[in-house]
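A.B. asks: Let me begin by handing over the structure; questions about it come next.
The values are calculated or read from the model by the stated rules, or taken from the named source; none is laboratory data. In this text the structure is predicted, and so the values were computed from the model without any measurement. Cβ sites come from the backbone with ideal geometry, for glycine too, and all protein chains shown count toward neighbours. Areas reflect the complete protein model, heavy atoms only, side chains present, ligands, DNA and RNA absent. Shrake-Rupley method; radii C 1.70, N 1.55, O 1.52, S 1.80 Å.
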Amino acid sequence: MAKWLDPPLLAISPELGKGIAAHPFVLQALAQRGIVDAQRARAYLNPADYPVTPSTELPGLSSAVERIEKAIQNGETIGIWGDFDVDGQTSTTLLVEGLEKLGASVLYHIPIRASESHGVNIVELEKLVRGGAQLILTCDTGISANSAVNWAIEHGIDFLVTDHHDPPDELPAATVLVNPKFLPKGHPLSTLPGVGVAYKLIEALYIRANKADQLQVLQDLVALGIIADIAELHGDTRYLAQKGIQVLRNTERLGLQILLANAEINPQRLTEEHISFGIAPRLNAVGRLGDANPLVAFLTTRDEKYANYLAGEIEGYNELRKQLTEEVFQGALHQLDQNRNWLDDAALVLYHPHWHPGVLGIVASRLVERFGKPAILLSGNSEQGARGSARSIEGVHITQAIATQADMLSGFGGHPMAAGLSIPPAPDLVEQIARFRKALNYAIQNQPGAVPLEPTIQLSAYLPLHQVDWDLANALESLAPFGAGNPSPIFAAQNVRLISSAPVGRLGEHLLMTVEDEQGRSFRLIWWQGAGWQLPQGIFDLAYRLRASTYNGEAQIQLEWVDFRQQAGPALQLSQTDKIQVIDCRTTPDPHTKLQEIRTVEKDLIVWAEAGERQRLQGQDRSELKQAKALVVWTIPPGYGELKQAIAQVSPQSLYLFASDPQSDEPQRFLERLQGLLKFIIQNRAGQTEWSWLAAATAQRLICVQLGLEWLSANGWIVFHEQDGAQLSLTKGSGVKHGPIDQIFHQLCQQLSESAAYRAFYRASSLEALKTQIRSGD
């Protein structure tokens with residue numbers, strides 16, 4: 001659990017109070033951010049009042065502008081070299097579109113992650129030059145491209161670098177180097193990401209060409225790159241994010257319009273959260289798992305048919321990304337469970353030869369969020385070496401820490417919060433990684449200026465849940481966009497208790513939480529990525545965020561669970577499950593009679609039954625469970641996660657284990673049952689349902705339901721859209737097959753076999769073995 005820091009209650013200066021007409025909390029939030037005068041406050045809240053910093057303050061930018069103007073005048077073809085993440089995709093697109101409107105002849109290349117990785121490689125650079133490039137211009141990369149720059153110089157080609165990553169000790173001998181990291185800390189341009197640098201370059205070109213009025217249409221790309229790259233929202237970076245989000249709400253880009261529709265995002269209420277969790281993951285999935293070059297066309301095309309085709313490809317990659325991410329995340333948690341001493345390290349360093357490299361950064365971010373410390377994930381083998389991604393926390397410069405181990409690496413690069421690295425091939429690769437883990441942890445512990453690694457939560461105010469209203473939620477939006485350098489306010493409600501929790505999302509990775517205050521008023525919150533965390537018991541304090549949002553076109557307040565702080569007092573913890581009395585009824589000759597006997601004895605009883613048994617027994621499925629003194633597990637759970645979650649939700653004193661097999665693990669039978677349920681939903685429920693209902697109705701894990709729907713969708717039988725992580729909207733499909741049908745079916749079979757394996761374990765294990773599993777939490 002993180003340490004909670006009480007809110008700093010600061011006096012509002014008379015100048016600020018009189019000069020800004022804002023909600024009292026907004027004034028307090030401004031003061032907490034060190035903004036005490038009205039002029040700075042107006043510039044912070046309203047981009048129209050922000051004094052834009054001249055592009056020419058970026059070192060080297062004026063020289064880059066002059067060289068590009070010369071290329072346009074002389075008819076030279078400019079070869080743009082980008083990167084495959086969203087910052088690189090948007091940087092490349094912005095330069096291509098911006099330069100072509102100036103009359104430039106442009107080629108571009110975005111490296112393919114699987115075969116090229118980050119940076120500028122000479123093989124593809126040579127192809128770009130053979131294709132006609134006479135001037136090379138990088139974006140979001142190049143600051144470490146010494147070999148590529150030397151190759152270009154040898155061939156008489158000027159090389160312009162625009163980048164934002166930390167400069168190495170030895171800079172490339174490029175014609176021009178443009179990088180905000182050359183500016184002093186605190187400069188309003190110092191936190192620009194790659195797309196921000198690219199925009200300032202185009203801004204300078206357009207101003208000199210008297211086309212400044214055409215810059216606004218590029219700002220939606222800038223917002224995407226800034227938010228996706230988690231750039232610090234200071235100075236011009238915050239200003240550009242504010243402006244870009246406004247443009248994105250009314251974007252003219254056909255591809256983005258389709259992407260927003262597919263993600264079921266209302267453009268008029270779009271926030272940085274929609275970019276972070278809806279748009280950016282889709283675009284990143286292509287760069288991580290495939291070829292991002294077509295995305296330049298996707299972001300610029302006016303051909304609706306082509307845009308829809310590419311949008312379909314993007315959705316396919318996004319679904320694959322979700323599956324791979326969950327597999328790697330669970331694998332990482334298993335490693336930490338098997339090596340608990342690693343949790344005491346200053347940073348987590350995990351390796352598996354078969355992890356997909358395209359999702360390592362995503363999983364590293366989830367581990368940072370869960371454990372509050374830097375995380376590095378690596379994959380590869382002894383013959384090819386290992387490659388990985390690192391993510392960090394505020395106060396630990398992860399790239400500098402990795403740099404201290406340069407002699408153990410074949411390459412690395414990044415910035416304070418994220419980095420990429422590679423370890424050379426070695427017969428003892430596992431031992432090499434172990435040595436790297438030990439040395440890196442020592443480096444972080446001794447990093448100058450490093451902050452203590454204990455995770456903290458800075459509270460903005462104590463605010464009872466019943467005092468949350470639309471005026472406050474709407475007022476908070478003036479402080480947005482939130483992110484690095486501008487965290488969203490976190491409130492605390494005291495003395496609440498948990499009423500219920502239910503897994504939501506395609507994989508059950510989120511939790512829908514219902515809490516009650518001392519007056520008996522209930523409130524619902526969403527706990528993103530909350531599955532697997534310990535649940536509070538008894539009375540506790542709740543840390544939460546709130547956002548103004550819309551659902552089905554209606555304005556609403558969304559409460560987001562952040563953390564909890566247990567109050568003193570008696571409470572049954574999951575770690576105290578050894579107090580539960582476990583009664584074995586799995587081999588009872590007449591289970592229905594036995595159940596009736598239990599119902600006679602236990603007055604406060606929950607019968608957990610799923611699929612067809614729920615209605616016959618008048619039981620409850622997993623989404624209906626609530627606290628009770630006794631729990632009957634009638635249907636064999638599809639996995640230990642589901643059993644653990646049920647026990648946590650009910651917190652029983654007595655646990656009765658039956659063993660009714662739902663017969664839903666054979667692929668054909670499962671798909672037939674799922675197809676029948678979907679047909680019923682379309683015909684009788686207007687196509688509206690929930691992931692948790694489908695999982696319970698099939699007695700399966702959520703990942704099996706997800707893969708089942710994807711397989712039916714790929715076969716043209718069904719079209720489905722997810723809403724708010726929990727809801728599903730279904731319509732009948734066109735009958736046209738599309739997507740990787742065989743691959744989805746193979747994955748489904750694997751997941752169903754895992755469910756079958758757990759049910760077999762549950763049936764055959766001794767009672768002591770099941771008690772041990774239940775009580776250990778493993």
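A.B. asks: (1) of a type in the set (Val, Ile, Thr); (2) touching a helix residue (DSSP H, G or I) at 6+ places or on another chain (Cβ under 6 Å); (3) over 25 Å from Thr77 (Cα atoms): which one isn't true of Val178, the others all being true?
C.D. replies: (3)
A.B. asks: Still on this structure: Filter the stretch 263-307 for residues that are open to solvent by 50 Å² or more (accessible area, probe 1.4 Å), within 20 Å of His721 (Cβ to Cβ) and in contact with a Leu (Cβ under 9 Å, 6 or more places away or on another chain) and give the result.
C.D. replies: Within the stretch 263-307, Asn266, His274, Glu304 meet the criteria.
A.B. asks: From the set of residues in the stretch 3-57 that are part of a loop (DSSP other than H, G, I, E, B) and open to solvent by less than 30 Å² (accessible area, probe 1.4 Å), which is farthest from Ala493 (Cα to Cα)?
C.D. replies: Thr53
A.B. asks: The conditions are (1) at pLDDT below 95; (2) closer than 21 Å to Arg387 by Cβ, and Pro448 fails exactly one of them. Which is it?
C.D. replies: Only one criterion is unmet by Pro448, namely (2).
A.B. asks: Quick one: count up the residues across the stretch 501-522 that are in contact with an Asp or Glu (Cβ under 9 Å, 6 or more places away or on another chain), touching a residue at least 60 places away in the same chain (Cβ under 8 Å) and of a type outside the set (Val, Ile, Thr).
C.D. replies: The total comes to 7.
A.B. asks: Ok, one more. Answer yes if at least one residue in the stretch 500-512 is crowded, with 16+ Cβ neighbours inside 10 Å, closer than 24 Å to Lys626 by Cβ and either touching a His at 6+ places or on another chain (Cβ under 9 Å) or at pLDDT 90 or above (or both), and no otherwise.
C.D. replies: yes
A.B. asks: Against the conditions (1) part of a loop (DSSP other than H, G, I, E, B); (2) closer than 30 Å to Gly372 by Cβ, where does Leu559 fall short? Just the number, please.
C.D. replies: All conditions pass for Leu559, except number (1).
A.B. asks: Follow-up. Taking the stretch 167-203 on its own, how many of its residues are part of a helix (DSSP H, G or I) and open to solvent by 10 Å² or more (accessible area, probe 1.4 Å)?
C.D. replies: Residues flagged as part of a helix (DSSP H, G or I) and open to solvent by 10 Å² or more (accessible area, probe 1.4 Å) within the stretch 167-203 amount to 3.
A.B. asks: Need the failing condition index for Ala406 against (1) in contact with a helix residue (DSSP H, G or I) (Cβ under 9 Å, 6 or more places away or on another chain); (2) aliphatic (A, V, I, L, M); (3) open to solvent by 30 Å² or more (accessible area, probe 1.4 Å), just the number.
C.D. replies: Answer for Ala406: the failing condition is (1).
A.B. asks: I would also like to ask the following. Out of the residues in the stretch 372-391 meeting the condition of being in contact (Cβ under 8 Å) with a residue 60 or more places away in the chain and within 17 Å of the chain's Cα centre (by Cα), tell me which one is farthest from Arg437 (Cα to Cα).
C.D. replies: Gly372
A.B. asks: Considering only helices (runs of 4 or more DSSP H) fully contained in the stretch 618-722, which possess at least 3 residues that are in contact (Cβ under 8 Å) with a residue 12 or more places away in the chain, open to solvent by less than 10 Å² (accessible area, probe 1.4 Å) and closer than 30 Å to Glu602 by Cβ?
C.D. replies: 640-650, 691-698
A.B. asks: Now, a different point. Is there a residue being open to solvent by 20 Å² or more (accessible area, probe 1.4 Å) and modelled with pLDDT of 95 or more anywhere in the stretch 158-166?
C.D. replies: Looking through the stretch 158-166, at least one residue is open to solvent by 20 Å² or more (accessible area, probe 1.4 Å) and modelled with pLDDT of 95 or more.
A.B. asks: Still on this structure, please answer the following. Just to be sure, is Gly687 over 20 Å from Ala611 (Cβ atoms) and either modelled with pLDDT of 90 or more or small (Gly, Ala, Ser) (or both)?
C.D. replies: yes
A.B. asks: Confirm whether Gln89 is out of contact with any strand residue (DSSP E or B) (no Cβ under 9 Å at 6 or more places or on another chain) and open to solvent by less than 30 Å² (accessible area, probe 1.4 Å).
C.D. replies: yes
A.B. asks: Does Leu730 satisfy the criteria of being part of a strand (DSSP E or B) and in contact with a strand residue (DSSP E or B) (Cβ under 7 Å, 6 or more places away or on another chain)?
C.D. replies: When the stated conditions are applied, Leu730 passes them.
A.B. asks: What number of residues within the stretch 420-438 are open to solvent by 30 Å² or more (accessible area, probe 1.4 Å), among the aliphatic types (A, V, I, L, M) and without any contact (Cβ under 8 Å) to a residue 60 or more places away in the chain?
C.D. replies: Total meeting the criteria: 1.
A.B. asks: Please enumerate the residues belonging to the stretch 15-66 that are at pLDDT 95 or above and among the aromatic types (Phe, Trp, Tyr).
C.D. replies: The answer is Tyr44, Tyr50.
A.B. asks: Of all residues in the stretch 136-166, which are in contact with a His (Cβ under 6 Å, 6 or more places away or on another chain) and not in a loop (DSSP other than H, G, I, E, B)?
C.D. replies: Result: no residue meets the conditions.
A.B. asks: Looking only at the stretch 204-233, which residues are open to solvent by 40 Å² or more (accessible area, probe 1.4 Å) and either at pLDDT below 95 or acidic (Asp, Glu) (or both)?
C.D. replies: Of everything in the stretch 204-233, those that are open to solvent by 40 Å² or more (accessible area, probe 1.4 Å) and either at pLDDT below 95 or acidic (Asp, Glu) (or both) turn out to be Asp213, Ile230, Glu232.
A.B. asks: A follow-up question, please. In the stretch 126-153, what count of residues is obtained for those that are without any contact (Cβ under 8 Å) to a residue 60 or more places away in the chain, open to solvent by 30 Å² or more (accessible area, probe 1.4 Å) and closer than 13 Å to Asp83 by Cβ?
C.D. replies: Adding up the residues that qualify gives 0.
A.B. asks: Taking the stretch 596-613 as the region of interest, how many residues are assigned to a helix (DSSP H, G or I) and touching a helix residue (DSSP H, G or I) at 6+ places or on another chain (Cβ under 7 Å)?
C.D. replies: Within the stretch 596-613, residues that are assigned to a helix (DSSP H, G or I) and touching a helix residue (DSSP H, G or I) at 6+ places or on another chain (Cβ under 7 Å) number 0.
A.B. asks: Then there is this: For the structure I just gave you, tell me whether Gly119 is open to solvent by 10 Å² or more (accessible area, probe 1.4 Å), touching a helix residue (DSSP H, G or I) at 6+ places or on another chain (Cβ under 7 Å) and either in a loop (DSSP other than H, G, I, E, B) or of a type in the set (Lys, Arg) (or both).
C.D. replies: For Gly119, the condition - open to solvent by 10 Å² or more (accessible area, probe 1.4 Å), touching a helix residue (DSSP H, G or I) at 6+ places or on another chain (Cβ under 7 Å) and either in a loop (DSSP other than H, G, I, E, B) or of a type in the set (Lys, Arg) (or both) - is not met.
A.B. asks: Check off (1) part of a loop (DSSP other than H, G, I, E, B); (2) within 29 Å of Arg208 (Cα to Cα); (3) under 32 Å from the mean Cα position of the chain (by Cα) for Pro111 and give me the number that stays unchecked.
C.D. replies: Here Pro111 clears every test but (2).
A.B. asks: Identify, from the list Arg565, Arg545, the residue that is within 25 Å of Glu690 (Cβ to Cβ), modelled with pLDDT of 85 or more and either outside any strand (DSSP E or B) or open to solvent by 40 Å² or more (accessible area, probe 1.4 Å) (or both).
C.D. replies: Arg545
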